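Have a look at the structure below before the remarks.
The values are calculated or read from the model by the stated rules, or taken from the named source; none is laboratory data. It should be emphasised that the depicted structure is a prediction, and the values quoted were computed from it without experimental measurement. All Cβ positions, even for glycine, are placed from backbone atoms using ideal geometry, and neighbour counts span all protein chains on display. We work out accessible area using only protein heavy atoms, side chains counted, and drop any ligands, DNA or RNA first. Shrake-Rupley method; radii C 1.70, N 1.55, O 1.52, S 1.80 Å.
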Amino acid sequence: MSKQSSLILLLLIALVAQETAKCVTVAQDLPENFLKCKRDANFDKCLVDAVNHAIQLLKSGNKEFGIPPLEPLSVKKLVIDAGNAPINLRQTLKNVKVHDMISTSKIQRYRTDLDKHLIICDSKTDRIEMIGDYEMSGRILLLPITGHGNSNITLVNTKIEHRLIGEPFEKDGVKYMRLKEYRVNMEPKRVYLQFENLFNDKTLSEGMNRFLNENWETVFTELKVGYSKSFGLVFKELSNKIFEKVPFDHIFLS
């Protein structure tokens, strides 16, 4: 074989090896400063401390897992629909910054069934402040409402149930889990609502904002399913950045 043929053969081998390497999935481990829990009688209690610790570590994000900074949490778009009386409303929030959700959150309890890939936890968040642009149209208690501009929606002392529903899958013979659903149920003690430029009229805007805040329970009760679904999608995407990269047995020690 000539030197030129040998060189071409070596190049081909190198290219094949390079492409093969791309196809091989390298399992990652949790960051070194994360706490891990063994699947024993104290597992659920251990998870409370471990996840509270991890949440605070992730406030500034994690480049290794592609997790952006979480304080504040940036959300491009939230779409909230309420189609039944007394609220018939479509609310779109864009370029939202969610402040205080991470730094004031505390996991209080876990109930897990890992054989069914089910994780349920209860948390309490002192303050969730959502600031962003809004577009809104519809009716509230038979009153027409329309507008666009800046908005501030703040939830105080919010109890949240997180229900993570996973499914197993394998990569290179190793078991992983991804979340197929992340259900959120939010129960705030108080909600403050501020929408600038309602009706494109300052006086009408001030009157409607006053009405919204005086009737916040009725308003939020109808809208909370939309907020819960939107945050569930955000939490699912963030959680899967870890679940889909770290083997099941590396997250939940056997």
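Taking the Cα centre of the chain as origin and charging only Cβ (+1 Lys, Arg; -1 Asp, Glu), how large is the dipole, in debye to the nearest 20?
For this selection, approximately 200 debye.
Using all alpha carbons of region 193-254, what is the percent of pairwise distances in each 5 Å bin, ordered from the shortest bin to the longest?
Going from the shortest bin to the longest, the percentages are 4, 15, 13, 12, 12, 10, 8, 7, 7, 6, 4, 2, 0.
Where does each of 198-205, 177-184 land if you order them by average Cβ count within 10 Å, highest first?
Ranked by mean Cβ neighbours within 10 Å, highest first: 177-184, 198-205.
With θ set to phi - 60°, apply the Karplus curve 6.51 cos²θ - 1.76 cosθ + 1.60 along region 130-135 and write out the HN-Hα couplings as whole Hz, x wherever there is a Gly or Pro.
Karplus values, whole Hz, x for Gly and Pro: 10, 10, x, 8, 10, 10.
Among 119, 141, 103, which residue has its Cα positioned farthest towards the positive end of the charge dipole of region 98-182, with +1 placed on the Cβ of Lys and Arg, -1 on the Cβ of Asp and Glu, and the dipole taken about the Cα centre?
Value computed over the given set: 119.
Over the chain, calculate the relative contact order: mean separation of alpha carbon pairs under 8 Å at least 6 apart, over the residue count, as a percent. Spell out each step's value before the answer.
Working: 490 pairs, mean separation 47.3, N = 254.
The value is 19 percent.
In deg cm²/dmol and to the nearest 500, what is the mean residue ellipticity at 222 nm of the chain if only DSSP H runs of at least 4 residues count, each as -39500 (n - 2.57), divided by the residue total?
Rounded to the nearest 500, the figure is -10500 deg cm²/dmol.
Give the long-range amide H neighbours of residue 67: residues separated by 5 or more places, or on another chain, with amide H under 5 Å away, using H modelled in the peptide plane at 1.01 Å from N.
Under 5 Å from the amide H of residue 67 lie the amide H atoms of 62, each far enough along the sequence or on another chain.
Starting from the Cα-Cα distance between residue 53 and residue 103, subtract it from 0.36 nm times their residue separation and give me the gain in nm to one decimal.
16.9 nm
Among (i) 44, 25, 15; (ii) 62, 32, 20; (iii) 31, 20, 17, which is the computed semi-axes √(5λ) of the Cα gyration tensor in Å?
The value computed from this structure is option (i).
Defining a contact as two alpha carbons under 8 Å apart and six or more residues distant in sequence, what relative contact order in percent does region 118-174 show? Mind dumping the intermediate values first?
Numbers: 82 pairs, mean separation 26.4, N = 57.
Across region 118-174, relative contact order equals 46 percent.
Kindly report the accessible area of the chain per residue (heavy atoms of protein chains, probe 1.4 Å, no ligands, DNA or RNA), in Å².
Details: 14440 Å² over 254 residues.
Per-residue accessible area for the chain comes out at 57 Å².
Carbon and sulfur together cover what percent of the accessible area of the chain at a 1.4 Å probe radius?
The nonpolar share, carbon plus sulfur, comes to 53 percent.
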